[in-house]
Amino acid sequence: MKSTLKYSTLSLLLSTALFATNGDHLIGIGAKSLGMGGVGIAISHGAESALANPALITGVQNKEVSFGGTVFMPDVETDTGSGFQKSDADLSVIPAISIAVKETDNFYWGMGMWGTAGMGVDYRGTNTNYDMVTNLQLMQFGLPLAYAVDGWSIGITPILQYGSLDMSYIKQNGSSSSTKGVAQDLVFAYDIGAAYKMSDVTVGLIYKSPIKMHYSGQIAVAAGDFGLSGFGDDLEQPAEMGAGIAYEMGRSVIAFDYKRINWASAAGYKDFGWEDQNVYALGYQHTQDNWAVRAGYNYAKSPIVENIRPMVNMLNLLAFPATVESHYTVGGSYGFTKQTSVDLAYVYAPEATDTLGTTTTKHSQQALSVQLTYDF
């Protein structure tokens, strides 16, 4: 009963959809980062920085609380041989809550809860595409800790990640899928980061540990139902490393991030033939009095490539179509008082069309983020 209640509660927050992602990773956490193309390795977004680079929660002046959510609106259509059918998984709401505190001149700490990744489709009732329904949801709970001295800062965010995966479909022989209900897991991990500020330039480095999730009775069973062998039930969020640089020009700042996401060595994803991703993000911000404007661009080549096994191609594009590559973003902030402000961001990923074997998927995304920040 407790497990069912926990899943039902999270489902209200993380409904089935494919998020604005690099692979299944959100391009950024929080409205400030999203408005700047997902950059955050070398520019502080205050309490938001807990996952982007924990060393940069040192940008908080005293205490900061930030909470809000992102509405994602993906548009996915797939043709497995009977014409294009549209997925009904076209709306999701993803929460983000961040707190950061300057405890001393050198030591900072915080806490937060963030929806960080996910994928899913819903082809029920189409009488084609195997009536495929998938729903992968990931949420992280973290406690960022940072230390700053003489322009240097280092930080770590210990993480507890909750994940759930549910797959259902009609098998090739017309019978129902062999998967049974939702599989869940809870795993510890960590993010670490460092930054150095010299005059108007800040550089940063990050490393995110791999997180091996186990979804019993899902992936291996589904693969077997489609005639595939050698698959397990592990699905590992891959290790990620990156570097960034930010340059301040008066009231403006321009920032660039590079990240490497190691899908090819991650359990589960490597079985589906995913390739590593190089992620490039460019962001701009201008602040004036009590407002700010932001813009950005994020690019990563799709990790899904042609496989010699036709059913792997079909499952990649039909069940988990992580195929969008470019994201264009805009955003802004407005301060109602010295303590309270609202942050907005809009993300647009133009349609990407991918064909692997006899399966073709069209995929585009839009997202709107709203966030309130309180400094005290």
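The values are calculated or read from the model by the stated rules, or taken from the named source; none is laboratory data. Being a predicted model, the structure only gives us computed values, none of them experimental. Here the Cβ positions follow ideal geometry from the backbone for every residue, glycine too, while neighbour counts run over all protein chains shown.
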Tally the residues that are buried (at least 19 other Cβ atoms within 10 Å of the Cβ) and of a type in the set (A, V, I, L, M), restricting the search to region 301-341.
-> 9
In region 203-242, the residues that are farther than 20 Å from Gln137 by Cβ, surrounded by 22 or more Cβ atoms within 10 Å (Cβ to Cβ) and β-branched (Val, Ile, Thr) = Ile206
Collect the residues in region 117-131 that are among the hydrophobic types (A, V, I, L, M, F, W, C) and farther than 19 Å from Pro74 by Cβ, keeping them in residue-number order.
-> none
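Tell me, yes or no, whether region 131-140 has at least one residue that is among the hydrophobic types (A, V, I, L, M, F, W, C), touching a Leu at 6+ places or on another chain (Cβ under 6 Å) and under 20 Å from Lys180 (Cβ atoms). Full working, then the answer.
Here is the first cut: in region 131-140, the ones among the hydrophobic types (A, V, I, L, M, F, W, C) are 132-133, 136, 138-139.
Checking the rest, the ones that are also touching a Leu at 6+ places or on another chain (Cβ under 6 Å) come to 132, 136.
Filter once more, so that each one left must be under 20 Å from Lys180 (Cβ atoms): 132, 136.
Scanning region 131-140, I find at least one residue that is among the hydrophobic types (A, V, I, L, M, F, W, C), touching a Leu at 6+ places or on another chain (Cβ under 6 Å) and under 20 Å from Lys180 (Cβ atoms), so the answer is yes.
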Among residues of region 243-268, those that are crowded, with 17+ Cβ neighbours inside 10 Å and in contact with a Leu (Cβ under 6 Å, 6 or more places away or on another chain), counted = 2
Looking at region 258-265, is at least one residue β-branched (Val, Ile, Thr) and more than 27 Å from Tyr374 (Cβ to Cβ)?
-> yes
Within region 170-202, of all residues that are farther than 19 Å from Leu235 by Cα and among the polar types (S, T, N, Q), the one surrounded by the fewest Cβ atoms within 10 Å (Cβ to Cβ) is Asn173
Of all residues in region 77-95, which are touching a helix residue (DSSP H, G or I) at 6+ places or on another chain (Cβ under 9 Å) and not in a strand (DSSP E or B)?
-> Thr80, Ser82, Ser87
Just checking, which of Ser49, Ser44, Ser98 is part of a helix (DSSP H, G or I), hydroxyl-bearing (Ser, Thr, Tyr), crowded, with 21+ Cβ neighbours inside 10 Å and modelled with pLDDT of 95 or more?
-> Ser49
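Please list, ordered by residue number, the strands (runs of 3 or more DSSP E) wholly in region 188-259 having 3 or more residues that are among the β-branched types (Val, Ile, Thr).
On the way: elements: 201-208, 211-214, 234-237, 240-249.
Output list reads 201-208.
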Being over 18 Å from the mean Cα position of the chain (by Cα) and free of Cβ contacts under 8 Å to residues at least 24 places away in the same chain is the filter here, so list the residues in region 246-260 that pass it.
-> Gly250
Which one of the conditions (1) more than 30 Å from Phe272 (Cα to Cα); (2) touching a strand residue (DSSP E or B) at 6+ places or on another chain (Cβ under 6 Å) does Lys338 fail to meet, given that it meets all the rest?
-> (2)
Can you tell me which residue within region 122-169, out of those that are polar (S, T, N, Q) and free of Cβ contacts under 8 Å to residues at least 60 places away in the same chain, is surrounded by the fewest Cβ atoms within 10 Å (Cβ to Cβ)?
-> Asn127
State yes or no: is Ser11 at pLDDT below 90 and either assigned to a loop (DSSP other than H, G, I, E, B) or not aliphatic (A, V, I, L, M) (or both)?
-> yes
Can Asp150 be described as at positive phi and touching a Gly at 6+ places or on another chain (Cβ under 8 Å)?
-> no
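Just wondering, is there one or more residues in region 62-76 that are buried (at least 24 other Cβ atoms within 10 Å of the Cβ), under 29 Å from Asp122 (Cα atoms) and among the hydroxyl-bearing types (Ser, Thr, Tyr)? Lay out the reasoning, then the answer.
Taking region 62-76 as the starting set, the residues that turn out to be buried (at least 24 other Cβ atoms within 10 Å of the Cβ) are 66, 70, 72, 74, 76.
Next, only the ones that are under 29 Å from Asp122 (Cα atoms) stay: 70, 72, 74, 76.
Now drop any that are not among the hydroxyl-bearing types (Ser, Thr, Tyr), which leaves 70.
Yes: region 62-76 contains one or more residues that are buried (at least 24 other Cβ atoms within 10 Å of the Cβ), under 29 Å from Asp122 (Cα atoms) and among the hydroxyl-bearing types (Ser, Thr, Tyr).
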Right, Gly230: under 30 Å from Ile170 (Cβ atoms), at pLDDT below 95 and in contact with a Ser or Thr (Cβ under 8 Å, 6 or more places away or on another chain) or not?
-> no
